[in-house]
Amino acid sequence: MRDEERRVALGLAVAAAIALAFLPALIRTLLADHAYWNQIYVWVLFFAMCATAWNIIGGYARQYSFGHAAFLGIGAYVSTLLYLNLGVSPWIGMLAGGIAAALAGAIISYPCFRLRGAFFSLATIAFAEMLRVWGELTDRLFGILVNGARGLVIPPVGSDFWAFQFTEKASYAYVAYTLLLITLTIAWAVKRSRLGYYLAAIGDDEEAVQSLGVDTARIKLIALLISAFLTAVAGTFYAQLVLFITPTRAISLDLSVQMVIMAVMGGLGTVFGPLLGAIILVPVGELTRAALGGSTLQGAHLIVYGVILMLVVRFAPKGIEAFVAGAFRRLIAAIADRLYGPAKAQDDVVNAPIIQLPEASSSLGLQAVAGGAVPLVLADVTKRFGGAVGVKGVSLTVQPGEVVGLIGPNGSGKTTIFNLVTGYLESQSGSIAFAGRPIAGLPPHRINRLGIARTFQIVRPFTSLTVAENVMVAAFPRCTTAAAARTEALRCLAFVGLSHRVDTIADGLSTGERKRLELARALATRPRLLLMDEVMGGLDQRSLPAMIDLVQRIRAEGISLLIIEHKLKVITSVTDRIVMLHLGEKIREGAACEVVSDPLVIDIYVGGAAAVR
Amino acid sequence: MPGGGAMTELVIQGALSGLLIGGVYGLIALGLNLVFGTMRVVNFAQGTLLMVAMFMSYWLTAKTGLHPYLTPLLTLPALFGLGYLIQLWLVSPLLAREKAREPMSVLLMTLGLSLVLENSALMAFSADYKTVQVGQTNAVWFIGDYIISIARFWGLLAMASTVALLWAFLTRTDLGRAIRAVGQDRQVARLLGIDDRVIYNFAFGISTAIMGIAAAALLPFYYTHPAVGTTFLLKAFVIVVLGGLGSMPGAALGGLAVGVIEGVVGIFTEAAMAQIVLFAVFVTMLFFRPAGLLGVERK
């Protein structure tokens, strides 16, 4: 984007914000049934607030919560109870409700975040339903009247700012507008911060994020706290708007589902998507209800929501934000051209096809920071999967600066060893020590922080992030600012020879490039020991020498290496020592040329495996 | 306060009633499990499809006087076709696109479908409870001091025979074996010449048809209502997680267990409290043994 375009965009945004702020006044003067339209506008703002708050955990991190109405209900009830019993202003109750909801979020996060995908969703439904039913059955809580399913009425007191009540309905629009602006600003700030990068990466592949030294449970918890707080704030607003709350309405599954639908339709994980979803869905739902006549039919708008959700999931799975944003960009460019003259033609070098790989930078200068290499020692490690043996009594050492190859047929336990060392699996017996410190049982991110990095056999780039952002996620824990993380990322990308792909979305990389990206990511965590799982696999003969060269250069940085590899020629050319596994047991160990020419090893690799047992 | 002996009797009676309705719960969970076991996707519309089946049976009974237990003769083929088409038109295109092993987009798609079906039913049939009175509705047997509702007993029997039939189908027929093969590894199944897409269509169709049996079993003693699906869907989730994902006997036993929990808890407190207990069991299970009591943990 040009500077001129940025100026235009900012101008448009401010103009739109001001125009929207005056919309209630406009509605009042222009429309005959202004009360009705004002009400719809308020609901748009309210749902935009909820969906934006939901999106921070649901969209950014792809943790599809179907129980967010619970936070809304908590917000509504806490502020209302404080007001009714202690006369505390709902403005203060709003913050108290937010804190209460965040606390509730912290409590349910521990069981819920252990679950993935649909099971996380089901668990959130269960918690919200429990809260709803319990609320419906509870008349008094510690002596305080909560009135069960009959709900609580907030007595009207006329216009009183302190009591959060207004007779002029447009005032609610101004309040909702302000709250929405705050919510959007927070959502935007989160998206731009390192938290936002972490969340996006978690949404793509949580396990891979852990391998980069990031405590994903903590990151998800922080996002949930923010999301729960903001949803509860919306809950207080809801209570003050309708002045009547029941568990059945406030904590309804329908309400949770509507937040999800608006965010999905607008664009999961985008800042403005949920707002767009609300802008479209709320009026459409409202008009449907009006057209089909009758307030008794509560579900009429849900038919439309359901149809739209199905269409979006089928035909625009990324939501409509992308289209709208594209149209806006073109509009902004057109305005900028008008105001400042046409843009100078730019050389689009970023995505130009590259025939020749650019010269990879030769050194990363890691020795200085790595603090010296240290040994990895596995002693008598055993891992069983149910009845099957993964690894049995394996002892193995990687000395400082050494390059050890791990070979063996499929199913011999190589990747299992990697998973044990990096904390993705826990052994039943034996010990694993790094730098003399036992590491078995530590979570993956802690092990990475100690200086062990890994790549995955099947590469796992964060497909929604750019190449540079992929590596930034790995660099963040050691950098104070985003700029520093990007500089570090660019250095690592230059080292592996991916400088020409920096701003490409990682999904568009070839297999060879993905393998390099994964190495750059691992290197950005500043490892002292690097575990490489078949980084040569799937490469053609032409790309092989470059990858071997890269491995040599990583070694020259003073990093110890443990390498899983099938290509024996490769492994003899880069390793000092080879460990051969078969059926989970170590059967040979020694210098590369010796092991490779061992008749037993040849027998196992080429055929006649039965001879061993 | 009843004495110790009377209390025990009450608890046994509660457990017995719960066990019997647990049969129907098991049937719904069976449908959910068949789809999950084959495709690794959660069908959010399972409860709503039960609601559709119940309305089909209800109208057949109301208009033609057909006994509810005979309605599956007509509803099963229709429901199978409905499920087959849902998979073909709505779910398959998503599966072809998704790379993830447990695609969330299918959950969203079926959620959309259930919103449409449930709220359309609400508009078309209103929120009134509809019930059917047949000979079995209020008939009971006495075994000693205990009361057995005959309609519920037939429901349990329907579940048992459906499980047996389905089991025979999955283990003895080519199509059944193909369904299991695709569930275990769709890539390998594909290499062996099985068209996994067609298998999915059949699996979804059968899963929907099972709702026809559940509906017929429910009709004599349960109300038909547009929102009936949500109640059963949430219970079915609990059952599936309790019994084990993808496990047929797990669905059956989980259904009975949930019925018993409900029946017994309902004796001591309000019936709605049983829901809280169920969800607490559910969350605890998810937490400590996500694969369920009879499920197999995957590596």
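The values are calculated or read from the model by the stated rules, or taken from the named source; none is laboratory data. Remember, it's a predicted structure, so these values are computed and weren't measured experimentally. Because the Cβ atoms are built from the backbone with ideal geometry, glycine has one as well, and the counts that use them run over all protein chains shown.
A few remarks follow.
- Residue among B:Leu170, B:Leu242, B:Leu157, B:Leu165 that is surrounded by 15 or more Cβ atoms within 10 Å (Cβ to Cβ), under 25 Å from B:Pro72 (Cα atoms) and of a type in the set (A, V, I, L, M, F, W, C): B:Leu170
- As a summary of the residue check, A:Thr382 satisfies the conditions (1) closer than 30 Å to A:Glu5 by Cα; (2) of a type in the set (Ser, Thr, Tyr); (3) at pLDDT 90 or above except for the one numbered (1).
- Flag for A:Gln63 being closer than 21 Å to A:Arg132 by Cβ and polar (S, T, N, Q): yes
- Test: residue in segment B:272-284 that is of a type in the set (A, V, I, L, M, F, W, C), part of a loop (DSSP other than H, G, I, E, B), within 12 Å of chain A (Cβ to nearest Cβ) and surrounded by fewer than 23 Cβ atoms within 10 Å (Cβ to Cβ): no
- Residue among A:Ser193, A:Ser171 that is at pLDDT below 95 and either under 14 Å from the mean Cα position of the chain (by Cα) or among the β-branched types (Val, Ile, Thr) (or both): A:Ser193
- Answer residue from segment B:85-100, given it is within 15 Å of B:Ser207 (Cβ to Cβ) and of a type outside the set (A, V, I, L, M, F, W, C) and is modelled with the lowest pLDDT among those: B:Ser92
- Any hit, segment A:532-554, residues being small (Gly, Ala, Ser) and surrounded by 21 or more Cβ atoms within 10 Å (Cβ to Cβ): no
- Hey, B:Leu50 within 18 Å of the chain's Cα centre (by Cα), more than 14 Å from chain A (Cβ to nearest Cβ) and over 21 Å from B:Gly83 (Cα atoms) or not: no
- Among the residues listed as A:Val233, A:Val260, A:Val271, the single one being under 21 Å from the mean Cα position of the chain (by Cα) and either under 20 Å from A:Val88 (Cβ atoms) or in a loop (DSSP other than H, G, I, E, B) (or both): A:Val271
- Test: residue in segment B:104-124 that is modelled with pLDDT of 85 or more and more than 14 Å from chain A (Cβ to nearest Cβ): no
- Within segment A:100-145, considering residues that are β-branched (Val, Ile, Thr) and surrounded by fewer than 16 Cβ atoms within 10 Å (Cβ to Cβ), the one farthest from A:Leu72 (Cα to Cα): A:Ile144
- Elements of type strands (runs of 3 or more DSSP E) contained in segment A:518-594, each with 3 or more residues being among the aliphatic types (A, V, I, L, M) and in contact (Cβ under 8 Å) with a residue 24 or more places away in the chain: A:529-533, A:560-564, A:577-582
- None of A:Glu488, A:Glu469 is in contact (Cβ under 8 Å) with a residue 24 or more places away in the chain, surrounded by fewer than 24 Cβ atoms within 10 Å (Cβ to Cβ) and touching a Cys at 6+ places or on another chain (Cβ under 8 Å) except A:Glu488.
Residue-wise test of (1) among the polar types (S, T, N, Q); (2) more than 27 Å from A:Asn410 (Cβ to Cβ).
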| position | (1), (2) |
| --- | --- |
| A:Ile452 | no, no |
| A:Arg460 | no, no |
| A:Ala474 | no, yes |
| A:Leu493 | no, yes |
| A:Arg526 | no, yes |
| A:Ser543 | yes, no |
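- Unique match (being away from chain A (no Cβ under 14 Å), over 18 Å from the mean Cα position of the chain (by Cα) and in contact (Cβ under 8 Å) with a residue 40 or more places away in the chain) among B:Ile194, B:Ile206, B:Ile213, B:Ile199: B:Ile199
- In segment B:216-239, the qualifying residues are those that are outside any helix (DSSP H, G or I) and away from every other protein chain (no Cβ under 11 Å), and the one that is surrounded by the fewest Cβ atoms within 10 Å (Cβ to Cβ) is B:Tyr223.
- The conditions of being out of contact with any helix residue (DSSP H, G or I) (no Cβ under 9 Å at 6 or more places or on another chain), in the same structural domain as A:Ile92 (by TED's automatic domain parsing) and of a type outside the set (Ser, Thr, Tyr) are met by A:Gly203.
- Exclusive hit being over 27 Å from the mean Cα position of the chain (by Cα), acidic (Asp, Glu) and not assigned by TED's automatic domain parsing to the domain that holds A:Ala200, set A:Asp507, A:Asp503, A:Asp540: A:Asp540
- Any hit, segment A:382-395, residues being basic (Lys, Arg) and under 23 Å from A:Glu206 (Cα atoms): no
- Given (1) at pLDDT 95 or above; (2) within 14 Å of chain B (Cβ to nearest Cβ), index of the condition A:Leu275 fails: (2)
- Put simply, of A:Ala343, A:Ala290 the only residue that is touching a Lys or Arg at 6+ places or on another chain (Cβ under 7 Å) and at pLDDT below 90 is A:Ala343.
- Candidates A:Phe119, A:Phe127, filtered to the one that is without any contact (Cβ under 8 Å) to a residue 24 or more places away in the chain and over 20 Å from A:Gln240 (Cβ atoms): A:Phe119
- The set of residues in segment A:75-94 being without any contact (Cβ under 8 Å) to a residue 60 or more places away in the chain and within 33 Å of the chain's Cα centre (by Cα) consists of A:Ile92 alone.
- Of the helices (runs of 4 or more DSSP H) contained entirely in segment B:19-127, those carrying at least 3 residues that are free of Cβ contacts under 8 Å to residues at least 12 places away in the same chain and either buried (at least 21 other Cβ atoms within 10 Å of the Cβ) or in contact with a Pro (Cβ under 7 Å, 6 or more places away or on another chain) (or both) fall at B:104-125.
- Screening A:Gly405, A:Gly411, A:Gly390 for residues that are assigned to a strand (DSSP E or B), at pLDDT below 90 and surrounded by 12 or more Cβ atoms within 10 Å (Cβ to Cβ) leaves exactly one candidate, A:Gly390.
- Candidates B:Val140, B:Val132 - the one that is buried (at least 16 other Cβ atoms within 10 Å of the Cβ), among the β-branched types (Val, Ile, Thr), away from chain A (no Cβ under 14 Å) and closer than 19 Å to B:Val24 by Cα: B:Val132
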